[in-house]
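**Q** The structure's right below; bear with me while I get my questions together.
The values are calculated or read from the model by the stated rules, or taken from the named source; none is laboratory data. Quantities reported herein were computed from a predicted structural model and do not represent experimental measurements. Here the Cβ positions follow ideal geometry from the backbone for every residue, glycine too, while neighbour counts run over all protein chains shown. Remember, those area values only see protein heavy atoms, side chains included, never the ligands or the DNA or RNA. Shrake-Rupley method; radii C 1.70, N 1.55, O 1.52, S 1.80 Å.
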Amino acid sequence: MNIKLNGAEAETGAKTLKQLCDMLGYDLEAKIATAVNGEFMAKAERDNYQLASGDEIEIVAPRQGG
Amino acid sequence: MMLEFYGQQVASRLLMGTALFPSPDILQKAVRASHASIVTVSVRREAASAQSGQSSQSGQGFWELIRQLDVRVLPNTAGCKSVKEAVTTAKMARELFETNWIKLEVIANDDTLQPDLFGLVEAAKILCDEGFEVFPYTTEDLGAAERLLEAGCEILMPWGAPIGSARGLNNPFALESMRAYFPDTPLIIDAGIGAPSHAARAMEMGYDAVLLNTAIAKAGDPVHMAKAFAGAIEAGRSAFLAGVMEPRDMASPSTPVAGTPFFKLD
């Protein structure tokens, strides 16, 4: 299905957000946080979230900031 | 009495941003030279290809670098232009950095990066209600400041000048009013500082701390400048505690007049 991943069009075979993260190489230890369609999605909820076509996924990590 | 933010004792009155440094090594050395005990960080999209390595350019690598410094992190919501973006970013930051602290920025305008005070108050209320400990990046507007305190903020962070502008304290009169109006609220000057003298002036006014980034990161020698800011902030604080004399219009000799040689009454 087609989704938007960090602002870019992407195609994925993942069924859940956790699967998507796994397929991108982010295991449970990875220092990332997620949001779906503008709403925060906690780490514990990623497994339950069924991806839908057109979902806008954000995957963020720690970065320098002012 | 030691400075406290949300019940946490704060060892240094200099809060330092971690962006724009020439290299991760210089960032680490500058943080150490500044003796800052709190540094600001952000959350940003990460390319899937960047996360596998431990490069300091990747999020994982950057996090490792910060961990080595043994400082407390204050995540920000930099770049957010709506309440929803800021709230979601804050929640992602809370999970990522495992802290309830959030430097709340809701930006109104790209040119000035000034806070959207209406959005700021709204977002602060939502986040305080959800258990966040909010450090709002605001202006010197007293009405907005009162709304932020009513929303549950226990700290205010008025700007000195627009972010990254190095103009110092644009409106010292209003900043002095703010200090006088909120004598018991921790007040941090956030943004716009360019030179150590700007930071010293803020501290002489009685501000509790200064948060800065670009002035150190973009200095010719960031490590040396970090040390300079640490000294200026300490000096400004000491001066405030000591009590700076009032200026006067006319000269007043410091050397005793009595006994001046060749003195004659006119």
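**Q** With a 1.4 Å probe and every protein chain left in place, tell me how much accessible area residue B:210 has, in Å² to the nearest 10.
**A** 0 Å²
**Q** Here's something else I'd like to know. Restrict the search to the range B:71-129; then list the GluC sites (Glu not before Pro) that DSSP places in a loop and that have at most 12 other Cβ atoms within 10 Å of their Cβ.
**A** B:98
**Q** In square angstrom, what is the accessible area per residue of the range A:2-60 with a 1.4 angstrom probe?
**A** Values: 3020 Å² over 59 residues.
Value for the range A:2-60: 51 Å² per residue.
**Q** Taking every DSSP beta bridge with both residues inside the protein assembly as shown, roughly what % is antiparallel (nearest 5)?
**A** 45 percent
**Q** Accessible area, 1.4 Å probe, largest first: how do B:132, B:262 sort?
**A** B:262, B:132
**Q** Right, something else. Report ³J(HN,Hα) in whole Hz for each residue of the range B:15-23, in order, from the Karplus equation J = 6.51 cos²θ - 1.76 cosθ + 1.60 where θ = phi - 60°; Gly and Pro get x.
**A** 9, 10, x, 10, 8, 6, 6, x, 7
**Q** Tally up the carbon and sulfur contribution to the accessible surface of the protein assembly as shown as a whole percent, 1.4 Å probe, everything protein left in place.
**A** 51 percent
**Q** Go ahead and estimate [θ] at 222 nm for chain B from helices alone: -39,500 (n - 2.57) per DSSP H run with n ≥ 4, summed, over the residue count, rounded to 500.
**A** Value at 222 nm, helices only, nearest 500: -12000 deg cm²/dmol.
**Q** Can you list the HN-Hα couplings for the range B:239-254, worked out from phi with the Karplus curve (6.51, -1.76, 1.60; θ = phi - 60°), rounded to whole Hz and with x for Gly and Pro?
**A** Using θ = phi - 60°, the values come out as 5, 4, 5, 6, x, 7, 5, 6, x, 9, 7, 10, 5, 9, x, 8 Hz.
**Q** To the nearest 0.05, how large is the calculated FRET efficiency for residue B:245 and residue B:1 if R₀ is 30 Å and r is the Cβ-Cβ distance?
**A** With a Förster radius of 30 Å, E is 0.75.
**Q** Using a 1.4 angstrom probe with every protein chain in place, what is the largest-first accessible-area order of B:125, B:103, A:18, A:31?
**A** Reading off the accessible areas and sorting them downward yields B:125, A:18, A:31, B:103.
**Q** Rank these residues by their accessible area, most exposed first, probe 1.4 Å: B:91, B:84, B:227.
**A** From most exposed to least exposed: B:227, B:84, B:91.
**Q** How big is the B-A contact in terms of buried accessible area, both chains counted, 1.4 Å probe, rounded to the nearest 100 Å²? Write out the running numbers ahead of the final one.
**A** Values: alone 14010 and 4530 Å², together 16020 Å².
Using a 1.4 Å probe on protein heavy atoms, the buried area is about 2500 Å².
**Q** Oh, and also: How large is the direction-averaged shadow of the alpha-carbon convex hull of chain B, in nm²? Present the calculation step by step, with values, prior to reporting the outcome.
**A** On the way: hull surface 73.4 nm².
Across all orientations, chain B yields a mean hull projection of 18.4 nm².
**Q** With viscosity set to 0.692 mPa s at 37 °C, what whole-number translational diffusion coefficient in µm²/s follows for chain A from Stokes-Einstein and a Kirkwood radius over Cα pairs?
**A** Answer, rounded: 273 µm²/s.
**Q** Looking only at B:138, B:112, B:89, which one moves most when chain B is put into a Gaussian network model with springs between Cα atoms under 10 Å?
**A** Comparing B:138, B:112, B:89 in a Gaussian network model of chain B, the most mobile one is B:112.
**Q** Moving to a separate point now. Quick one: compute the contact order of chain B, relative version, from alpha carbon pairs under 8 angstrom and 6+ residues apart, as a percent.
**A** Relative CO of chain B lands at 18 percent.
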